[in-house]
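Readers should treat all values here as calculations from the given coordinates under stated rules, not as data from a laboratory. From a predicted model like this one, the values you see are computed outputs, not experimental measurements. All Cβ positions, even for glycine, are placed from backbone atoms using ideal geometry, and neighbour counts span all protein chains on display.
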Amino acid sequence: MPSDRRVVSALGPRTLALAAERAAGTHPYLTTPEHTRFARGIVGPERLVAPEQRLVPGLEPGQARAAARRFLERYLSLSNYRRTLESHGFTAAQLDDGATDEAVEALAPHGSPARLAEAVRGHLDAGADHVCVQILPAREDPVPALEALSAELGIR
């Protein structure tokens, strides 16, 4: 496949540099706007940066954090994600034992469409060309949340 037709799911500086050299860009997963800014700085202005953002619409905070923790549990046990998160502002203590409420809310924001749009805009403001949205919990129909989010973002 030609390099201009693929992206690399890169997190660290070496794989981001590889994405810049040999692909159309990068699709970082389980990151924050801080990482998006970091990725943009490495891949440069000509390459695609399309991070994934998890969102938990409309639940009360305790339920939203519980749904997010269920999702995040396996990722927070993987060294590549831990290393990336710790190098971009999180401490090990914030990510251990199901993560602190603050870390969970930073990784999987919850709330109104306006609050969720704010999270997406954080990546766009940090240099993302596109933000891939993942609605949690995954077993629910994502369409109503995506419609509300797109309306808030002014996307048709």
Task: Output for the stretch 10-48, where each listed residue is in contact with a helix residue (DSSP H, G or I) (Cβ under 9 Å, 6 or more places away or on another chain), exposed (fewer than 14 other Cβ atoms within 10 Å of the Cβ) and not in a helix (DSSP H, G or I) - done: Gly44, Glu46
Open item on the list: Looking at the stretch 1-52 only, could you name the residues that are free of Cβ contacts under 8 Å to residues at least 24 places away in the same chain, within 16 Å of Leu85 (Cβ to Cβ) and of a type in the set (Val, Ile, Thr)?
Closed with: Thr15
TODO: Answer yes or no: is there a residue in the stretch 53-73 that is surrounded by fewer than 15 Cβ atoms within 10 Å (Cβ to Cβ), closer than 30 Å to Ala20 by Cα and either of a type outside the set (Val, Ile, Thr) or under 16 Å from the mean Cα position of the chain (by Cα) (or both).
DONE: no
Open item on the list: Just to be sure before I move on: is Leu124 in contact (Cβ under 8 Å) with a residue 12 or more places away in the chain and within 17 Å of Gln53 (Cβ to Cβ) in the structure I sent?
Closed with: no
Task: Of the criteria (1) charged (D, E, K, R); (2) over 25 Å from Val143 (Cα atoms); (3) part of a helix (DSSP H, G or I), which one Glu118 fails - done: (2)
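Listed here are the residues, each with its yes/no results for (1) out of contact with any strand residue (DSSP E or B) (no Cβ under 9 Å at 6 or more places or on another chain); (2) in contact (Cβ under 8 Å) with a residue 40 or more places away in the chain.
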{"site": "Arg69", "(1), (2)": "yes, no"}
{"site": "Asn80", "(1), (2)": "yes, yes"}
{"site": "Arg83", "(1), (2)": "yes, yes"}
{"site": "Gly98", "(1), (2)": "yes, no"}
{"site": "Ala106", "(1), (2)": "yes, yes"}
{"site": "Ala119", "(1), (2)": "no, yes"}
